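Okay, so here's the structure we're looking at.
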Amino acid sequence: MTYRANILISSSAPGAQAVEQALLEKIYEHHLDGEVQVMQAATLGPQAQGVELVIYPEGTHYVQLTPEDARLIVEEHLLKGRPIARLMFKGIEVEPLEAPASKEIRVVLRNVGKIDPGNIDDYIAVDGYGALGKVLTEMTPEQVLDELKRSGLRGRGGAGFPTHLKWTFARNAPGDEKFVICNGDEGDPGAFMNRRVLEGDPHAVIEGMAIAAYVIGARQGYFYVRAEYPIAISTLRLAIQQARDYGLLGNNILGTDFSFDLEVRMGAGAFVCGEETALMQSIEGARGMPTTRPPFPATKGLWAKPSNINNVETYANVPQIILKGGEWFASMGTEKSKGTKTFAIAGKVKRTGLIEVPLGVTIREIVYDVGGGILNDKKFKAVQTGGPMGGCIPEKYLDLPVDYENLAKVGSIMGSGGFVVMDEDTCMVDIARFFMEFTQDESCGKCVPCRVGTRRMLEILTDICEGRGQPGDIERLEAMAKYIARASLCGLGQGAPNPVLSTIENFRDEYEAHIYEKRCPAKVCKPLIEYIIDPETCIGCTRCARNCPVNAISGKPKQAHLIDPSVCVRCGICKQVCPVNAISIESEGKLAVG
C-alpha cells in the first residue's frame, strides 16, 4: 500500500508513548489512517533530542515533542501543509556521505532513523541483502576475505583485530560444524551503539553475519544481546523471522546450496559476559566466566567448535564493504585504522548522543565540532575513551587523532566507543574510584589478581577520596595496577587499572592534594569539602534552612545563617535553593583525617 506520508517516530525516549498516542488519535480523528503510516524507530537524529519524528517524503524532522505538539503537527503539517518551524531540529544535521564538510560520515548508522526496522522491504529498498546476493552468486569465500583485507576493517568491539584475519582463522580451522556469533552484550556505562543499530537497522547485522557464515562455513549463528535491551531483542526476532520468510535465512538461501539460520540469546546480566570466552560459556548455559586462551574461539569456541565472534558494528560494516568495495572503506580513516567509528558522547558536553565519524578525527573535533563544546562553556579537562577499562586523556592531547594506535600511546583504548567528556569541576581521583568500583563489582572472581587486586585498589582510592589517604598510596596503586594488568585472566582485569594509571600519570597533583593536603581541588569529594554561607551576601530568607534534610543550618529570618559542618552531609541542596548565591564550597584541608 502506498501512503501519502510516512511518519517515523522515536520509541525509546521518555514520553514517546504519550506523543505517539496523541498523534494516532488525531490521525484517526481526521480519517487520515489510510493516507498516513506511523512507524517506530529507537532514536532518529545524530544526538538525543527527546521525542522525535520525521515526516517523509519531505524529511521534516521535529524534536522535543509533547502530545500537544503531535496534535498540532497533524492539524498544521498534515492537513494544511504548513510545517511548524519552531518544532524543527535546528542542530547539525548529518550530511550525505559524499559531503566533505561534514565531520560525521554514516556507514553503520546509514539507515538508522531512515527506514522502518520492522519492515524488511524498507531495508531491501536501500540495497539490503544485495551484498549477500553478490557474495553467494559472484564471489568465493577467498574473494570476500580479499575485499575485507583491502578495506582494513578491524573489530569494533575493542581490540581492533583485523576482521579478515579472524575470519580466515575460523575458515581454516578443521571441523564440519562451525558457528557465527554476534556480541551485542553492551555493558559500558553510557554506551548504546549496539542498541541503536539493533533497534534501527537489524537486517544490516543479520546480512553481515550471513556473509561471515558463508566465508567460514557455518550453518548456525547466535545473537547474544543484553536482556536489558527488550526492544532490540523483539526487533531482532521479528527481523530474523522476516528474513526466513523471504528465503534470506534458512535452507538453500537465494536458491544456492548455502544454508544458515540465527537465534537470539539474552545476556546473563554480567559485564564480564562481553568477553568472548565468557559469552560462549553463557550461551552454553554455564556461568559466564572467562577461560584461558589459547585455544582461541576460532579453533575451539562454542561447544568446542570453531567459532567467529564479532560485535554488532563490525558485522554492520560488512555489507557496505562488499557493495562499494574495500578501497571505498579504506579511503576513510588513517593508515592503520580504516573506516568510521561510532561513539556515544556523554558527560559534560552540550550535545550528547551517538555519532559516527571517520577514524583519525581529533578529540577536539569530536568534542567541539560535533559535540558542541563543553556544557556551560566551562573548561575541558579530560575525556575517557573505551569504557571502564579505558584511560583518561587530558587537555594537552585535544588535537590527538582518534584511532587505535594513538589512543594506546596515551594510555587509553578505543573499546566499543564510549566517549565521556569531563570539565574543570571533575575530580579525577573520584573518576578513577568510580570506574574501579564498576569493574570490581563486575569481576567474575575467577582469578585472584582481578578479584582481590581490584578490591584492594578500590579501598585505597576510597580512602584517598575520604581523606584517609597515606603517603605511599600512589606508589602502591601503580605497583598493584601493573601486576593486575599482567596477571589477570581476561580483558576486564587486564584493563581495570587503566583509569587509575592514566589519572595518576596526567593528574598526579590531584592525588597529592587529596593525600597530603586533605583537599579536593575540584571540590567534589564530600569528606574534603565544606559548605559555607557568606554573612555579607546572605539575606536571611531561610530557604536553605527549610530545605536542609538534616537541619544543619541555623539562623533567624532576615539575619545571616550558619551551617554546622559536623551535621552537614554535603548534599548541596542549600546551594541549589539559595536565591542570592550566598553559599560557596570550600576545600582547604580543614577536615584532615589521619
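For this structure, a couple of remarks:
- Test for residue 416: is it among the small types (Gly, Ala, Ser), more than 13 Å from the chain's Cα centre (by Cα), outside any helix (DSSP H, G or I) and not assigned by TED's automatic domain parsing to the domain that holds residue 156: no
- Residue pairs whose Cβ atoms lie under 7 Å apart, sitting 6 or more positions apart in sequence or on different chains, and linking a residue in segment 260-286 that is touching a residue at least 40 places away in the same chain (Cβ under 8 Å) to a partner that is assigned to a loop (DSSP other than H, G, I, E, B) and basic (Lys, Arg), are 260/219; 267/226; 277/293.
- All conditions but one from (1) within 40 Å of the chain's Cα centre (by Cα); (2) over 17 Å from residue 424 (Cα atoms); (3) in contact (Cβ under 8 Å) with a residue 40 or more places away in the chain apply to residue 507; the one that does not is (2).
- Restricting segment 156-190 to residues that are crowded, with 23+ Cβ neighbours inside 10 Å and among the hydrophobic types (A, V, I, L, M, F, W, C), the residue that is farthest from the chain's Cα centre (by Cα) is 170.
- Condition met for residue 557 (more than 23 Å from residue 465 (Cα to Cα), outside any strand (DSSP E or B) and touching a helix residue (DSSP H, G or I) at 6+ places or on another chain (Cβ under 8 Å)): no
- Qualifying residue in segment 241-252 (condition: of a type in the set (S, T, N, Q), under 24 Å from residue 121 (Cα atoms), outside any loop (DSSP other than H, G, I, E, B) and not assigned by TED's automatic domain parsing to the domain that holds residue 437): yes
- Count - residues of segment 69-84 that are over 21 Å from residue 50 (Cα atoms) and of a type outside the set (Asp, Glu): 5
- Count of residues meeting criterion [surrounded by 15 or more Cβ atoms within 10 Å (Cβ to Cβ) and without any contact (Cβ under 8 Å) to a residue 40 or more places away in the chain] in segment 223-243: 4
Residues checked against (1) farther than 30 Å from residue 287 by Cα; (2) buried (at least 21 other Cβ atoms within 10 Å of the Cβ); (3) not assigned by TED's automatic domain parsing to the domain that holds residue 196:
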{"site": "403", "(1), (2), (3)": "yes, yes, yes"}
{"site": "409", "(1), (2), (3)": "yes, no, yes"}
{"site": "455", "(1), (2), (3)": "no, no, yes"}
{"site": "470", "(1), (2), (3)": "yes, no, yes"}
{"site": "481", "(1), (2), (3)": "no, yes, yes"}
{"site": "496", "(1), (2), (3)": "no, yes, yes"}
{"site": "509", "(1), (2), (3)": "yes, no, yes"}
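- Beta carbons closer than 8 Å, at least 6 apart along the sequence or on distinct chains, pair a first residue in segment 136-147 that is in the same structural domain as residue 259 (by TED's automatic domain parsing) and buried (at least 17 other Cβ atoms within 10 Å of the Cβ) with a second that is part of a helix (DSSP H, G or I) and acidic (Asp, Glu) for 139/147.
- Residue among 339, 360, 267 that alone is buried (at least 22 other Cβ atoms within 10 Å of the Cβ), on the phi > 0 side of the Ramachandran plot and not basic (Lys, Arg): 339
- Any helices (runs of 4 or more DSSP H) falling wholly within segment 465-529 and containing at least 1 residues that are at pLDDT 95 or above: 473-487, 498-516
- Complete set of residues in segment 382-428 that are within 16 Å of residue 501 (Cα to Cα) and among the basic types (Lys, Arg): 409
- Residues in segment 397-409 that are touching a residue at least 40 places away in the same chain (Cβ under 8 Å) and not in a strand (DSSP E or B): 402, 403, 404, 405.
- Residue selected from segment 529-547 under the condition within 22 Å of residue 588 (Cβ to Cβ) and touching a helix residue (DSSP H, G or I) at 6+ places or on another chain (Cβ under 9 Å), by the criterion surrounded by the most Cβ atoms within 10 Å (Cβ to Cβ): 544
- All conditions but one from (1) within 19 Å of the chain's Cα centre (by Cα); (2) assigned to a helix (DSSP H, G or I); (3) hydroxyl-bearing (Ser, Thr, Tyr) apply to residue 214; the one that does not is (1).
- Filter result (exposed (fewer than 14 other Cβ atoms within 10 Å of the Cβ), in contact with a Gly (Cβ under 8 Å, 6 or more places away or on another chain) and at negative phi) within segment 56-90: none
- Residues of segment 175-215 satisfying the condition of being within 18 Å of residue 134 (Cβ to Cβ) and either not small (Gly, Ala, Ser) or not assigned by TED's automatic domain parsing to the domain that holds residue 302 (or both): 203, 205, 206, 207, 209, 211, 214, 215
- Test for residue 434: is it outside any strand (DSSP E or B) and of a type in the set (Phe, Trp, Tyr): yes
- Residue check for residue 153: closer than 30 Å to residue 386 by Cβ, surrounded by 21 or more Cβ atoms within 10 Å (Cβ to Cβ) and out of contact with any strand residue (DSSP E or B) (no Cβ under 6 Å at 6 or more places or on another chain): yes
- For segment 192-232, residues that are closer than 24 Å to residue 345 by Cα and not aromatic (Phe, Trp, Tyr) total 19.
The values are calculated or read from the model by the stated rules, or taken from the named source; none is laboratory data. Just so we're clear, the structure is a prediction, and the values are computed from it rather than from any experiment. Virtual Cβ from ideal backbone geometry, glycine too; neighbours counted across all protein chains shown.
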